[in-house]
Amino acid sequence: MTTNNNPAATTSQDDPVEAIVRAAESALTVRRRYQFFVWTQSYLSRLLPHQLAVCGSYDRGARELLFDVFNSVSLDAALMDALGDNRSLLMQHWQARWLEARGRPAVITTADLAFASLGTARDALLAAGFDSVLVHGVSRPQRPQEIESFFVFASQDSATLAALVSRMELLIPHIHGTWQRVQAVERDVVGISAPQPSAVRVGGVTQREREILSWLREGKSNQQIAEELGISALTVKNHVQKILRKLNAANRAQAVAQAMSLQLLDRPALSSLPRSHHAG
C-alpha cells in the first residue's frame, strides 16, 4: 500500500467539503486495522489534525466498549493504559461529558480534570501538550446511554481543535462506519493462523531495522531512537531510509503500517504510531 500522490495531499485545506468527500470515498476500502491507521494519517488527519486518537466500539461479547489507541507522540505508560481501558475513570469521565452534551461533539479542557483520582492522567496529558480533547460518538437510537462507538481526538494545537467541532459532526458517520467495519473484519479473521514472515522473506528487513520500526511506532524521533540504541542519529536516519526502500513505503507512517500488515513487529499494535489496548 502506498500513499504517494495521495489525492488527499492535493486537496486544498480551503475546501473541506471536497476533502470530506474524498475521505468518505477512501474509507470504503478500509477493512483492517493497519488500513484504518493509514486512512487516519492521510485523509482524516487533513480534516481533523491530531496526534492522538482513541477509537472505541461496543463489543457484545465483552458487553462494553473496547478501545484502540493511536498516538504519534510518546505518552506516559499509565496514560496509555487509561486511554485503552473503558473502565478507567478518564474514559468514563469523557463519555459522561459527551452524554451531558446530548451526544454532540464536545471539546473538553484537560485542566478540568480536577478530581484527585484523575490528577495523574491530567498531568500526563498536559505534559504531552494536550490542553483539550475533542470527543464524539454514536449511541443506539432512542437509547442515548447505550454507546455504540466513542472517539477521542487530541491535538497539541488546542485552538485548531476547538474549531473542528462542526467538521467532526459531518465526519462521525464515516469514522463510525469505517471503525465498525474494521472491527467486524478483524473478528472474522481471529483464529486464522498465519506463519510469521522471516526478515529475509520480507524484503530483507533485519532485526535492528525491526527494532527501529518498533520505536517509529512509538513516535520517536531519530535522535530519541539513537539515544535508546546507543548509536548516532545519522545511523538511525540511514536505517530508516533502508526500511522505507525495503517496505516500498513513502514515509514513516506507511512503513509502520506495512510492518504491521506483515507481522514484523513483535507487539500487537495499532496506534499512530501504533500501540493497542483492549479493555477487559
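The values are calculated or read from the model by the stated rules, or taken from the named source; none is laboratory data. Source: prediction; values computed, not measured. Please note: Cβ atoms are built from the backbone with ideal geometry, for glycine as well, and neighbour counts cover all protein chains shown. Surface areas here come from the heavy atoms of the whole protein model, side chains and all, with no ligands, DNA or RNA. Shrake-Rupley method; radii C 1.70, N 1.55, O 1.52, S 1.80 Å.
Structure above, values below:
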read-out	value
Count of segment 113-138 residues which are outside any strand (DSSP E or B), touching a His at 6+ places or on another chain (Cβ under 9 Å) and not aliphatic (A, V, I, L, M)	1
Looking only at segment 139-181, and only at residues there that are among the polar types (S, T, N, Q) and in a strand (DSSP E or B), the one that is nearest to the chain's Cα centre (by Cα)	149
Condition check for residue 3: at pLDDT below 90 and either buried (at least 20 other Cβ atoms within 10 Å of the Cβ) or out of contact with any Phe, Trp or Tyr (no Cβ under 6 Å at 6 or more places or on another chain) (or both)	yes
Residues satisfying the stated conditions in segment 209-231, i.e. within 20 Å of the chain's Cα centre (by Cα) and not in a helix (DSSP H, G or I)	218, 219, 220, 221
Residue that is nearest to residue 42 (Cα to Cα) [pool: residues in segment 232-253 that are open to solvent by less than 50 Å² (accessible area, probe 1.4 Å) and either among the basic types (Lys, Arg) or in a helix (DSSP H, G or I) (or both)]	253
Any chance residue 74 is within 23 Å of residue 185 (Cα to Cα) and surrounded by fewer than 24 Cβ atoms within 10 Å (Cβ to Cβ)	no
One residue from 144, 173, 197 being out of contact with any Cys (no Cβ under 9 Å at 6 or more places or on another chain), modelled with pLDDT of 90 or more and loosely packed, with under 15 Cβ neighbours inside 10 Å	173
Residue match in segment 23-38 (condition: modelled with pLDDT of 90 or more and under 17 Å from residue 164 (Cβ atoms))	yes
Verdict on residue 57 being surrounded by 19 or more Cβ atoms within 10 Å (Cβ to Cβ) and either free of Cβ contacts under 8 Å to residues at least 60 places away in the same chain or touching a Lys or Arg at 6+ places or on another chain (Cβ under 7 Å) (or both)	no
Selection count, segment 110-131, where residues are under 25 Å from residue 168 (Cα atoms) and over 20 Å from the mean Cα position of the chain (by Cα)	3
Flag if residue 128 is open to solvent by less than 20 Å² (accessible area, probe 1.4 Å), at pLDDT below 95 and among the hydrophobic types (A, V, I, L, M, F, W, C)	yes
